[in-house]
Amino acid sequence: MSRVNIQHVASAGKAFLESGDFIKAEQQFKLVLRHVPGNPDILSALGEANIGLDRIKDAMSLFRQALKRDPNHFYSLVRGAYCTTRLNRPDEAVPLLERALTIAPGDDDLMNNLGSCLFKIGRGEDALAWMRRACAANPRNVNALLNLAQSCGVMRRDAEARAAFERLKTIDPANREVDRAYGMFLHTRDRLAARTALLASGAAAADPDVLAALIDVEATLAEWGSLESNIAALRDMLARGATVEPQEVVFDFDDQNLALWNARNYCEAHFPPAPGIIRTSFGKSGPIRVGYLSADFREHPMGYLFAGVPERHDRSKVEPVALLTRNDASPVRDRILRGCASSVDLSYNGDGLALAEAIAAERIDILVDLGGHMGGARQDALRFKPARVIVNWAGFANTTGSTVHDYIIADRFVAPPGSEHLFSEKVVRLPHVYLCHDDRRASPFGILQRRHRGLNEHAFVFGFFNNIRKLRPAMFQAWLDLLKATPDSVIWMLVPEDATRNALRAHAAAGGVDSARLIFADYVGQEEHLARLPLVDLVLDTAPCGAHTSATDCLWMGVPIVTIDGDSMPARICGSLLRNVGQDGLIARDFASYKTLALELAHDRDRLARIRAELAAARGHAPLFDTAGFVRDLESAFEEMAGRARKGLKAVSFDVAAGA
């Protein structure tokens, strides 16, 4: 073929490429390559045709061939980076984009793309720096501004995120993607504004993340008009392969299989495993160096429950290390730090890779993740496997779906034998209860009287002190039915937001109940909160996601709680707690029996009095309140994990024997 004909065929290929006829374009470029093999321009054009045919791996191979011939072939660098990103390999895209920027140093789109890839591989600070450079190079680059706003939001740089969103709304006020992103940013910060932005985006019908955020916002605000239909729509999306933040599945679905499937795919998409940076191997003897990683060693329910654990560790067996990713300098934090052999303040570290390096530098043997997928959790760091053994425990009430977590701490009730396949981790069952409790915490009995909280001395007081996000319309209707069937009764509810209170009052009135029978409580300090609990006659649990730490508060203060025995781990935790204070009779098998049981108890004060007396007696012997015994069981679990790791054996599920 003559040079003229080669040029003609190549031009035809480019024309087919521009018209979207990728098959004919591919044919033309392959024909040219027979005569000019290795030509980087034709290889890259053929790569582009393969992108059009959605053969991304083949396209990447062609761009690599072009770069072997010409390492500075700009088009292959840029499109090769695109392909590696599509293949969820942003780490491979970074050097391609860095080289492309040496050729086109002022290209704001390349700067933004590099920032995006750096963010995905855990280099948050470097990512923000490149996004800022992109915005400075082109202040009207909507994609760069949006990327900066969202990334700052994830890293809790709220002021910078808000400023970027404000600029976006000025530049492109009709952009629904901006509304979507702004709503997602606000949904844990300003729920009323979040709802407005999410609805304005119009994205909920097709975007599972937006739909999940809208469900979260509307459930928290008790705006229930479309809540159940939205939850049903989200389940349909998940059934078709969508994924959302695992915590949303915990809240809305009593389905352990769905929780595993979603969490596994979520981790694969957002936190793919990276090359490990382990810097330690287990010694043959000596205490096991256990690092407890948490954002909640502070005035937080997790902090209150965990405080008694490190100070009860046998230092000849376990050397506890506190790894704080938030630091509030509170008395709770101080107590946890005093109980540990050492501590490391990692709260300054917003970068996943840098945080992983800092953890690895501590030469931790067993890293206990107390966050999972909760707020402040650091899966972006754990994906680098900064310790030989990583354990999921307590903070997130379900499987992480992660491949870097070796074990999950559970018990026979929350993870029954035979359920191992429903967890990504190997299941370690403690002999009694999986959730810790601090038996040295305050016991402020008799401090408050009902009149101090606006409660009638003679009324029957139902209570709800859980997260309002967990309350569903059908459960609230059941509570209204209880109020109707129980004369002189009220329900005392922890509902801090005025908008939610007003919505619940409206729901009560619509259900035929005087809204004055809803008494609302605010968040207060831990000791005051414990002191008010005995003013309640009977606490009502929620479903499908029940009470966890709030249930331990109630039981510690001798207050009965009625729950439903569900199928998934978060739906069974309250039942586990009740079993471990000898109150199996407060666990209902289904929704109907839950209502019947609650009503029976409300009309039998003598039975309630007996239960309260039994709970008071349980403080001295029940497994839930035996912190020292719990820690011994936990240490037995760590010793088995360490023993297997020392022998080079893989993690396996196992049960810890009582008194081991």
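The values are calculated or read from the model by the stated rules, or taken from the named source; none is laboratory data. These numbers were taken from a predicted model, which means no experiment stands behind them. Neighbour counts are summed over all protein chains in view; Cβ atoms, including those assigned to glycine, are modelled from backbone coordinates with ideal geometry. With ligands, DNA and RNA removed, areas are computed over all heavy atoms of the protein, side chains included. Shrake-Rupley method; radii C 1.70, N 1.55, O 1.52, S 1.80 Å.
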Residue match in region 32-52 (condition: of a type in the set (S, T, N, Q), open to solvent by less than 30 Å² (accessible area, probe 1.4 Å) and out of contact with any Leu (no Cβ under 6 Å at 6 or more places or on another chain))
yes
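Give the residue that is nearest to the chain's Cα centre (by Cα), with candidates limited to residues of region 117-128 that are open to solvent by less than 30 Å² (accessible area, probe 1.4 Å) and of a type outside the set (Val, Ile, Thr). Reasoning before the result, please.
Kept after step one, since they are open to solvent by less than 30 Å² (accessible area, probe 1.4 Å), are these residues of region 117-128: 117-118, 121-122, 124, 127-128.
Filter once more, so that each one left must be of a type outside the set (Val, Ile, Thr): 117-118, 122, 124, 127-128.
Values: Cys117: 22, Leu118: 21, Gly122: 17, Gly124: 19, Ala127: 22, Leu128: 23 Å.
Within region 117-128, the match that is nearest to the chain's Cα centre (by Cα) is Gly122.
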So if I check each of Gly454, Gly401, Gly446, Gly463, which one is crowded, with 21+ Cβ neighbours inside 10 Å and more than 26 Å from the chain's Cα centre (by Cα)?
Gly463
If you take the residues in region 364-398 that are basic (Lys, Arg) and touching a Ser or Thr at 6+ places or on another chain (Cβ under 8 Å), which one is least open to solvent (accessible area, probe 1.4 Å)?
Arg383
Can you name every residue in region 117-135 that is within 18 Å of Glu166 (Cα to Cα) and hydrophobic (A, V, I, L, M, F, W, C)?
Leu128, Met131, Ala134, Cys135
Across region 562-589, the tally of residues that are outside any loop (DSSP other than H, G, I, E, B) and among the acidic types (Asp, Glu) stands at 1
Any pair with Cβ under 6 angstrom, 6 or more apart, that starts in region 471-493 at a residue that is under 17 Å from Phe520 (Cα atoms) and ends at one that is assigned to a helix (DSSP H, G or I) and of a type outside the set (Phe, Trp, Tyr)
Leu483/Arg517; Ser489/Leu483; Val490/Arg517
In region 504-515, which residues are open to solvent by 10 Å² or more (accessible area, probe 1.4 Å) and in contact (Cβ under 8 Å) with a residue 24 or more places away in the chain?
His507, Gly511, Gly512
Candidate set: region 305-332, residues that are open to solvent by less than 40 Å² (accessible area, probe 1.4 Å) and part of a helix (DSSP H, G or I); chosen: the one nearest to Asp553 (Cα to Cα):
Leu305
Which numbered condition in (1) open to solvent by 10 Å² or more (accessible area, probe 1.4 Å); (2) farther than 19 Å from Leu533 by Cα; (3) touching a Phe, Trp or Tyr at 6+ places or on another chain (Cβ under 9 Å) is the only one that Asp553 fails?
(2)
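Tally up the residues in region 75-128 that are under 23 Å from Pro139 (Cβ atoms) and in a loop (DSSP other than H, G, I, E, B), please. Before you say what the answer is, go through the steps one by one.
Of the residues in region 75-128, the ones under 23 Å from Pro139 (Cβ atoms) are 78, 97, 100-101, 104-119, 124-128.
Next, from what is left, pick out any that are in a loop (DSSP other than H, G, I, E, B): 104-107.
Of the residues in region 75-128, 4 are under 23 Å from Pro139 (Cβ atoms) and in a loop (DSSP other than H, G, I, E, B).
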Condition test on Asp438, is it over 28 Å from Ile215 (Cβ atoms), of a type in the set (Asp, Glu) and either without any contact (Cβ under 8 Å) to a residue 60 or more places away in the chain or outside any strand (DSSP E or B) (or both)?
yes
